Structure formats: C-alpha cells, structure tokens
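Have a look at this one.
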Amino acid sequence: MKHHDPAAKHAAAPEVRVTIEPEWVLASKYEELTGTTPNAVHQRRKEGVWLDGTHCAVIARRLYVNVKEADKWIRSQVSQRQRAY
C-alpha cells in the first residue's frame, strides 16, 4: 500500500521567479544603472531635451526616469552622430 504524503508534492515543485523590468525608476536608480546623475536629468529637463511625462517626471517631489524612453533618446543621439561623420 502506497503512503500518500501531501507535503512531498509541494516540496518537489520548482521555484518560479518573476523578473520585473519597470518602465519608470527613481533618478537615483537610473544613476546606478547608467551613471547619469539626477543633476544631469534635471539639466536635460531644464534645456527641454527630455520632456516631462515622456522621458522623466516629478511626482511628490521625486524625480523619475522612463528607462525605455531614455534609451530611445540615447539611440537617437548615437544615430545622429553617426550620420554627421
């Protein structure tokens, strides 16, 4: 006669890990990822290079960066410079 152990079924289940890639991160996290300082982000906002609501946002006095849009902007800068040569 087989002995049924319900705990054994759960112990053998594989662990599932979920990776989250947020679109918006705090400027301090963006600096960790890219080396671009929050001051540089503020300067790009001030000059109108990065647009609030697209590339960055200030919510509750905290500066956020849209990583996907920032990457698009960087790619556009690289392709512009390559065309200039």
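The values are calculated or read from the model by the stated rules, or taken from the named source; none is laboratory data. Given the structure is predicted, the values throughout are model-derived calculations rather than measurements. Using ideal geometry, Cβ is built from the backbone for each residue, glycine included, and neighbour counts are taken over all protein chains shown. Protein only, heavy atoms only, side chains kept; ligands, DNA and RNA dropped before computing areas. Shrake-Rupley method; radii C 1.70, N 1.55, O 1.52, S 1.80 Å.
Taking the stretch 57-74 only, how many residues are assigned to a strand (DSSP E or B) and of a type in the set (A, V, I, L, M)?
Result for the stretch 57-74: 5.
So, of the residues in the stretch 59-79 that are among the aliphatic types (A, V, I, L, M) and farther than 19 Å from LEU33 by Cα, which turns out to be surrounded by the fewest Cβ atoms within 10 Å (Cβ to Cβ)? Explain how you work it out, then say what you get.
Our first condition is that a residue be among the aliphatic types (A, V, I, L, M); within the stretch 59-79, this holds for 59-60, 63, 65, 67, 70, 74, 78.
Within this subset, residues satisfying the condition of being farther than 19 Å from LEU33 by Cα are 59-60.
Details: ILE59: 9, ALA60: 4.
Looking at the filtered set, the residue picked out is ALA60.
Test ALA13 against the stated conditions and say whether it is part of a loop (DSSP other than H, G, I, E, B), of a type in the set (Gly, Ala, Ser) and at pLDDT below 95.
The answer is yes for ALA13.
Within the stretch 30-56, restricting attention to residues that are within 14 Å of LYS68 (Cα to Cα) and in a helix (DSSP H, G or I), which residue is most open to solvent (accessible area, probe 1.4 Å)?
It comes out as LEU33.
Quick check on the stretch 44-58. Is at least one of its residues under 16 Å from the mean Cα position of the chain (by Cα), free of Cβ contacts under 8 Å to residues at least 12 places away in the same chain and more than 16 Å from TRP73 (Cβ to Cβ)?
The answer is yes, given that some residue of the stretch 44-58 is under 16 Å from the mean Cα position of the chain (by Cα), free of Cβ contacts under 8 Å to residues at least 12 places away in the same chain and more than 16 Å from TRP73 (Cβ to Cβ).
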